[in-house]
Amino acid sequence: MNSQQQARPGREAMTGVATGRRRRGRGEQPVVPDTEFTSYYGKPVINGPVWKSPDIPGYLFLGGLAGASSLLAAGSQLRGDTRVATAAKTGALGAITLSVGALVHDLGRPGRFVNMLRVFKPTSPMNLGSWLLAGYGPLAGVSAASAVTGRLPKLGAAATAGAALLGPAVASYTAALVSDTAVPAWHDGHREMPYVFTGSAAVAAGGLGLLADGERASTPARNLALFGTGLELAASRLMERRLGMVAEPYRTGRSGKLLRAGELLAVAGTAGGFLSRRSRLARALSGAGLIAASALTKWGVFDAGIASADDPKYTVVPQRQRLREGS
């Protein structure tokens, strides 16, 4: 018995994760120093998203452009700005077609998208998004076809109104889609993410309107770009401040550079839209910059999510903080 009670070399360390706390009772003391837990061999502790680039960031960007463009088309139509209205309608149709194409390509088979329409599941953002796209796409198509051909104007007007009603949901539902994951940078930002995506979509649609030219016609586009830039910047700052350490991928690395470049282009493009009313070339450059800014934002958000999923600290540290606060 005495020999069993003697300490054996290499066996004094406690098992399990070292927390640096002293054990109560029997006078046992931890001999492992305080360490910051990451994961076994630094491996991710969650299953990262299987979504690939450029399919999914392209899907996020193009869907936002389509939804916001339908709003711009309806507003321009009411003002009698047929040039911008037609450009926005055709742009919405092209963007939503490419967006669905990118989604189907990422899914691997078109049948997988169709299969999501076999059921209606309100708790699934992907299922609701599929139904939303299935309803919005035909409306955008009829609206664009009527504007280009000049036929069936009443049907075209009804389709334009319907697309405009669904447009905000099309532009923002992808925020719920990415937030409904275990990816820290996406999930923890679920409060502000819809506003970030909506603002980014408005920036893109405003850029499309400026590209359509026409000094008078670009007024709604300039206002939409201003609204989108302000909303995106405000929501991004609030999200980064609230997330704390989890927001690091939004500020550092490749994703941080993409997001900062997108913000600079959005501000420059918006300012250029208001300052270049007499220069067609300057308006076109501003419009292109705004569209690029929206794309950079969506790519930056996507890359930030991937980075946060790959690094275990963005999962482990917040969990420990929540446990300490709840205890």
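How many residues, within region 307-327, are open to solvent by less than 40 Å² (accessible area, probe 1.4 Å) and either charged (D, E, K, R) or in a helix (DSSP H, G or I) (or both)?
We begin by selecting, within region 307-327, every residue open to solvent by less than 40 Å² (accessible area, probe 1.4 Å); these are 308-309, 312, 314-316, 318.
If we keep only those that are either charged (D, E, K, R) or in a helix (DSSP H, G or I) (or both) too, we end up with 308-309, 314-316, 318.
Final tally of qualifying residues: 6.
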Worksheet item: Do we have ALA295 as among the aliphatic types (A, V, I, L, M), touching a helix residue (DSSP H, G or I) at 6+ places or on another chain (Cβ under 6 Å) and farther than 22 Å from LYS313 by Cβ here?
Response: yes
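Just to be sure before I move on: is ALA304 touching a residue at least 12 places away in the same chain (Cβ under 8 Å), surrounded by 24 or more Cβ atoms within 10 Å (Cβ to Cβ) and touching a Phe, Trp or Tyr at 6+ places or on another chain (Cβ under 6 Å) in the structure I sent?
Working: touching a residue at least 12 places away in the same chain (Cβ under 8 Å): yes; surrounded by 24 or more Cβ atoms within 10 Å (Cβ to Cβ): yes; touching a Phe, Trp or Tyr at 6+ places or on another chain (Cβ under 6 Å): yes.
For ALA304, the condition - touching a residue at least 12 places away in the same chain (Cβ under 8 Å), surrounded by 24 or more Cβ atoms within 10 Å (Cβ to Cβ) and touching a Phe, Trp or Tyr at 6+ places or on another chain (Cβ under 6 Å) - is met.
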Worksheet entry | Conditions (1) assigned to a helix (DSSP H, G or I); (2) among the charged types (D, E, K, R); (3) more than 19 Å from the chain's Cα centre (by Cα); number of the one not met by ARG277 | (1)
Discussion item. Which numbered condition in (1) more than 16 Å from the chain's Cα centre (by Cα); (2) without any contact (Cβ under 8 Å) to a residue 60 or more places away in the chain; (3) open to solvent by less than 30 Å² (accessible area, probe 1.4 Å) is the only one that GLU263 fails?
Written reply: (1)
Worksheet item: Among (1) open to solvent by less than 10 Å² (accessible area, probe 1.4 Å); (2) over 25 Å from SER53 (Cα atoms); (3) polar (S, T, N, Q), which single condition is SER200 missing?
Response: (2)
Discussion item. Checking GLY111 against (1) in contact with a helix residue (DSSP H, G or I) (Cβ under 9 Å, 6 or more places away or on another chain); (2) of a type outside the set (Lys, Arg); (3) open to solvent by less than 80 Å² (accessible area, probe 1.4 Å), only one condition comes out false. Which one?
Written reply: (1)
Worksheet item: If you take the residues of region 291-301 that are open to solvent by 10 Å² or more (accessible area, probe 1.4 Å) and not β-branched (Val, Ile, Thr), which of them is farthest from PRO57 (Cα to Cα)?
Response: ALA292
Discussion item. Of everything in region 177-236, what is farther than 22 Å from GLY269 by Cβ and hydrophobic (A, V, I, L, M, F, W, C)? Give them in sequence order.
Written reply: LEU177, VAL178, ALA182, VAL183, ALA185, TRP186, MET193
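In the list ALA95, ALA159, ALA144, ALA85, which residue meets the criterion of being free of Cβ contacts under 8 Å to residues at least 24 places away in the same chain and over 17 Å from VAL178 (Cβ atoms)?
Details: ALA95 fails: free of Cβ contacts under 8 Å to residues at least 24 places away in the same chain; ALA144 fails: free of Cβ contacts under 8 Å to residues at least 24 places away in the same chain; ALA85 fails: free of Cβ contacts under 8 Å to residues at least 24 places away in the same chain.
Of the residues listed, the single one that is free of Cβ contacts under 8 Å to residues at least 24 places away in the same chain and over 17 Å from VAL178 (Cβ atoms) is ALA159.
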Worksheet entry | Checklist (1) open to solvent by less than 20 Å² (accessible area, probe 1.4 Å); (2) modelled with pLDDT of 95 or more applied to ALA161, failing item | (1)
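Would you check which residues across region 241-251 are crowded, with 18+ Cβ neighbours inside 10 Å and either over 18 Å from GLY262 (Cα atoms) or within 15 Å of the chain's Cα centre (by Cα) (or both) and list them? Step through it out loud before you land on a result.
Kept after step one, since they are crowded, with 18+ Cβ neighbours inside 10 Å, are these residues of region 241-251: 243, 246-250.
Scanning region 241-251 gives LEU243, VAL246, ALA247, PRO249, TYR250.
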Worksheet item: Of the numbered conditions (1) more than 24 Å from ALA87 (Cα to Cα); (2) not in a helix (DSSP H, G or I), ASP213 satisfies every one except a single condition; which is it?
Response: (1)
Fill in: Residues being surrounded by 24 or more Cβ atoms within 10 Å (Cβ to Cβ) and among the aliphatic types (A, V, I, L, M) - total across region 72-102
10
Item to complete: Just need a number here: residues in region 164-195 that are open to solvent by less than 10 Å² (accessible area, probe 1.4 Å), of a type in the set (A, V, I, L, M) and in a helix (DSSP H, G or I).
Response: 6
Response to the item:
Result of the Cβ filter at 9 Å on region 223-251, keeping first residues that are β-branched (Val, Ile, Thr) and partners that are in a helix (DSSP H, G or I) and open to solvent by 40 Å² or more (accessible area, probe 1.4 Å), at least 6 apart or interchain, is THR229/VAL267; VAL246/VAL317
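Can you confirm whether ALA201 is without any contact (Cβ under 8 Å) to a residue 24 or more places away in the chain, among the aliphatic types (A, V, I, L, M), outside any loop (DSSP other than H, G, I, E, B) and closer than 19 Å to LYS298 by Cα? It would help to see each step written out before you state the result.
Numbers: without any contact (Cβ under 8 Å) to a residue 24 or more places away in the chain: no; among the aliphatic types (A, V, I, L, M): yes; outside any loop (DSSP other than H, G, I, E, B): yes; closer than 19 Å to LYS298 by Cα: yes.
It is false that ALA201 is without any contact (Cβ under 8 Å) to a residue 24 or more places away in the chain, among the aliphatic types (A, V, I, L, M), outside any loop (DSSP other than H, G, I, E, B) and closer than 19 Å to LYS298 by Cα.
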Practice prompt. Mind listing whichever residues of region 266-282 are hydroxyl-bearing (Ser, Thr, Tyr) and open to solvent by less than 20 Å² (accessible area, probe 1.4 Å)?
Written response: THR270, SER276
Worksheet item: Can you find a residue in region 227-235 that is of a type in the set (Asp, Glu), modelled with pLDDT under 95 and within 26 Å of GLN77 (Cβ to Cβ)?
Response: no
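The values are calculated or read from the model by the stated rules, or taken from the named source; none is laboratory data. Keep in mind that this is a model prediction, so the values were computed, not measured. Positions of Cβ are backbone-derived with ideal geometry, glycine not excepted, and every protein chain shown enters the neighbour counts. These accessible areas exclude ligands, DNA and RNA; they are computed on the full protein's heavy atoms, side chains included. Shrake-Rupley method; radii C 1.70, N 1.55, O 1.52, S 1.80 Å.
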